[in-house]
Amino acid sequence: MNSNIDEKFTKVEDMKTLKTHGVGHWKLQRISAIAMIPLVIWFTTSLMLTLMDGYEQSIEWLQSPFNATGLILLFGTLYFHAASGLQVVIEDYVHHEGLKIVSLILIKLIAIVLGVLSILCVLKIFL
Amino acid sequence: MGKIMSRQRPLSPHLQIYKPQLTSILSILHRGTGIVLSMGSIILVVWIISLTLGKETYLLFSKVVNHWFSHVVLLGFTFGLFYHLSNGIRHLFWDAGYGYDLKHAYISGGAVVFCSLLLTILTWSIIYLSVI
């Protein structure tokens, strides 16, 4: 009797944590998606307008605080969005529990490394 | 947590049991382009690293990128980017509760394909015209 109640209780608690966790991820994925819209349009336009003109023009472009800010936001949002999207794909298609956990950690790690690395490069050129 | 994981629950999307339709193909393509673009984003990191390392490295990067084969790959990435962008906006409308009925799902799906093709052609026309 007692253990039965205990079991029911933990199930409800499990569902609660699962639910709030999932909603948080869902929201952050949409927010990063919305942020990506202006960032991608701005970057592809800049790419066509100046960034294909050569080394000096690109460096000059990156030394503007507005462009440097935009690029840092782009890299940050891009790797957050990519990691959260790939997480959903892994959760849907990788059914082996161990492999799933390892790939989830790996994806986050790679996203953090690439994000930090690219942002540092932008800062180095800007400064 | 462990109790929930170990229970047998229905597994999500079984791609092989659905008959292909425009809507399902576009849905799969959204994930596909998402995965490909995530990997393609490494080109952006290589680009910014090459700029950081100086002119010589940048020119080497530029030389590789301007090879005809790279252009073909980048053309694919451009379409993937515009597709994921347009279809992503379509998804955001769905999340907000609009356009769920079958008729509008097909209309917006057609619009997404049209827009991504148009934007890809437009972008590469500008790139090639500005070079000449």
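Please work out which residue is nearest to residue B:32 (Cα to Cα), limiting yourself to the range A:91-124 and to residues that are buried (at least 17 other Cβ atoms within 10 Å of the Cβ) and aliphatic (A, V, I, L, M).
This residue is A:107.
How many of the residues making up the range B:17-62 are among the β-branched types (Val, Ile, Thr) and either touching a residue at least 24 places away in the same chain (Cβ under 8 Å) or within 19 Å of residue B:117 (Cβ to Cβ) (or both)?
Of the residues in that region, 6 qualify.
Working only within the range B:38-82, note down all residues that are among the polar types (S, T, N, Q) and within 11 Å of another protein chain (Cβ to nearest Cβ).
Passing the criteria: B:38, B:41, B:50, B:52, B:57, B:62, B:66, B:78.
In this structure, does residue B:85 turn out to be touching a residue at least 24 places away in the same chain (Cβ under 8 Å) and either within 14 Å of chain A (Cβ to nearest Cβ) or among the charged types (D, E, K, R) (or both)?
Judged against the criteria, residue B:85 is a match.
Does the range B:102-115 contain any residue that is over 30 Å from residue A:106 (Cβ atoms), of a type in the set (Phe, Trp, Tyr) and at pLDDT 95 or above?
yes
Return the residues of the range A:65-90 that are closer than 22 Å to residue B:31 by Cβ and surrounded by fewer than 19 Cβ atoms within 10 Å (Cβ to Cβ); say none if nothing qualifies.
Across the range A:65-90, the qualifying residues are A:87, A:88, A:89, A:90.
Suppose we filter the range B:84-101 for residues that are of a type in the set (Gly, Ala, Ser) and modelled with pLDDT under 90; how many remain?
Residues meeting the conditions: 3.
Which condition number in (1) over 21 Å from residue B:36 (Cα atoms); (2) of a type in the set (Lys, Arg); (3) more than 8 Å from chain B (Cβ to nearest Cβ) is the one that residue A:124 fails?
(3)
The values are calculated or read from the model by the stated rules, or taken from the named source; none is laboratory data. Note that this is a predicted model, so its numbers are computed, not measured. Note: ideal-geometry Cβ built from the backbone for every residue, glycine included; neighbour counts use all protein chains shown.
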